[in-house]
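Engineer: Questions regarding the structure given below will be posed in turn.
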Amino acid sequence: MSQQPSTKTLAVIGTGVIGNGWIARALANGWDVVAFDPAPGASARTQAFVANAWASLEKDGLAEGASVDRLRFAATLEEAVVGADLIQENVPERLPLKQEILAAIDAAAEEHVVIGSSTSGFKPTDLQKDCQKAPGRVIVAHPFNPVYLLPLVELVGGEHTSPALLEGAREDYQRLAMRPLIVRREIEGHIADRLMEALWREALHLVNDGVATTEEIDAAVVYGCGLRWSLMGTFLTFHLAGGEQGMRHMLEQFGPALKLPWTKLEAPELTDELIDKVVEGCEFQAAGRPVAELDRRRDDFLVELLALTRKYWPEAEGLEGRI
């Protein structure tokens with residue numbers, strides 16, 4: 001986490017899992033947070049969420065001035081966004097709803113303030129469609145769960161967005177101790193979700209075809225490729241597979257395998273039988289533990305893993321200009 005004190009204010013519109021994750025991250029980085037969600041009981045659910053996450057955030061390191069007391073709920077959307085330095089929209093993933101809410105935020109917020117949408121799939125040009133005041137400042141700012149620990153945020157601009165605005169947004173999210181990745185052109189699903197979706201589809205085929213259970217597939221990731229991916233990602237991992245000659249030799253040696261029928265990227269039919277297999281497999285893996293308990297276990301793991309990987313991230317090697 002960032003250790004710099006902040007007088008910044010984040011406005012959060014929509015307080016589901018992702019919205020609450022943004023709230024916890026901002027509070028831990030010493031920001032003020034103003035939230036709005038018309039759902040009954042939203043404030044109590046947010047307070048419980050932040051309380052459950054706070055122990056992990058303390059282990060990861062709180063910024064000066066960090067406090068759960070720097071959160072307040074506003075009575076209206078307009079009240080929430082007035083005076084904010086950054087606005088994050090997190091309403092359900094329905095395009096007409098997002099367009100309606102973003103248009104209302106755009107009308108109420110000061111013109112220079114970036115409005116980020118946590119959408120996992122929609123393109124920013126579509127999100128900007130009904131905004132009249134400053135549509136270019138409405139961008140995709142797609143994080144990953146748990147938002148309060150995982151640092152990646154994908155930033156995508158639409159047809160009205162200038163490169164300068166995206167650079168300013170990058171700085172905004174860096175102040176929240178994020179690692180902003182500016183996506184070079186808008187595309188449904190952005191980058192990371194398209195990669196995860198490909199793996200997800202293949203995993204469903206393996207379950208559907210009786211090749212493996214959900215637990216066996218997760219074990220293949222956790223104990224194998226996932227460990228390398230957490231440090232090097234896909235391309236650098238394959239670069240090492242080429243030995244001293246690197247990626248060029250790897251492609252020469254293993255490239256022909258790309259023509260083999262190893263994957264089925266088209267998703268299988270989501271039949272009742274497949275749904276039952278997936279649900280039963282996941283419930284077996286959960287072993288009766290509630291989601292809140294699994295959240296805490298995941299967070300404890302991530303805090304330790306983040307501490308380790310930070311020792312090996314590019315800046316620890318003195319490499320400049322890396323994400």
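Engineer: Being assigned to a loop (DSSP other than H, G, I, E, B) and farther than 18 Å from E89 by Cα is the requirement here; does L176 meet it?
Structural biologist: Answer is no for this residue.
Engineer: Pick out the one residue from V147, V140 that is outside any helix (DSSP H, G or I), free of Cβ contacts under 8 Å to residues at least 60 places away in the same chain and either under 13 Å from the mean Cα position of the chain (by Cα) or more than 25 Å from D295 (Cβ to Cβ) (or both).
Structural biologist: V140
Engineer: Let me ask something else about it. For segment 137-162, give me each residue that is small (G, A, S), buried (at least 19 other Cβ atoms within 10 Å of the Cβ) and more than 22 Å from G30 (Cα to Cα). Spell out how you get there, then give the answer.
Structural biologist: First, the residues of segment 137-162 that are small (G, A, S): 141, 157-158, 162.
Next cut, buried (at least 19 other Cβ atoms within 10 Å of the Cβ) only: 141, 157-158.
G157, G158, listed by residue number.
Engineer: Restricting to segment 63-84, what's the tally of residues that are open to solvent by 50 Å² or more (accessible area, probe 1.4 Å), part of a loop (DSSP other than H, G, I, E, B) and under 11 Å from W31 (Cα atoms)?
Structural biologist: Total satisfying the criteria: 1.
Engineer: Quickly run through segment 180-192 and pick out the residues that are part of a strand (DSSP E or B) and either touching a Phe, Trp or Tyr at 6+ places or on another chain (Cβ under 9 Å) or open to solvent by 70 Å² or more (accessible area, probe 1.4 Å) (or both).
Structural biologist: Answer for segment 180-192, where residues must be part of a strand (DSSP E or B) and either touching a Phe, Trp or Tyr at 6+ places or on another chain (Cβ under 9 Å) or open to solvent by 70 Å² or more (accessible area, probe 1.4 Å) (or both): just P180.
Engineer: Within segment 63-73, is there a residue that is farther than 25 Å from D300 by Cα and either touching a residue at least 60 places away in the same chain (Cβ under 8 Å) or basic (K, R) (or both)?
Structural biologist: Within segment 63-73, one or more residues are farther than 25 Å from D300 by Cα and either touching a residue at least 60 places away in the same chain (Cβ under 8 Å) or basic (K, R) (or both).
Engineer: Residues being surrounded by 12 or more Cβ atoms within 10 Å (Cβ to Cβ) and touching a residue at least 60 places away in the same chain (Cβ under 8 Å): count how many of those fall in segment 259-288.
Structural biologist: 11
Engineer: Give segment 193-250 a look and list any residue that's in contact with a helix residue (DSSP H, G or I) (Cβ under 8 Å, 6 or more places away or on another chain), open to solvent by less than 50 Å² (accessible area, probe 1.4 Å) and more than 27 Å from A287 (Cα to Cα), or say none.
Structural biologist: Result: T237, G242, G243, G246, M247, M250.
The values are calculated or read from the model by the stated rules, or taken from the named source; none is laboratory data. Only a predicted model underlies this, so the values are computations on that prediction, with no experimental measurement involved. Cβ coordinates were reconstructed from backbone atoms using ideal geometry, including for glycine residues, and neighbour counts include every protein chain displayed. Just the protein is used for accessible areas: all its heavy atoms, side chains included, with ligands, DNA and RNA removed. Shrake-Rupley method; radii C 1.70, N 1.55, O 1.52, S 1.80 Å.
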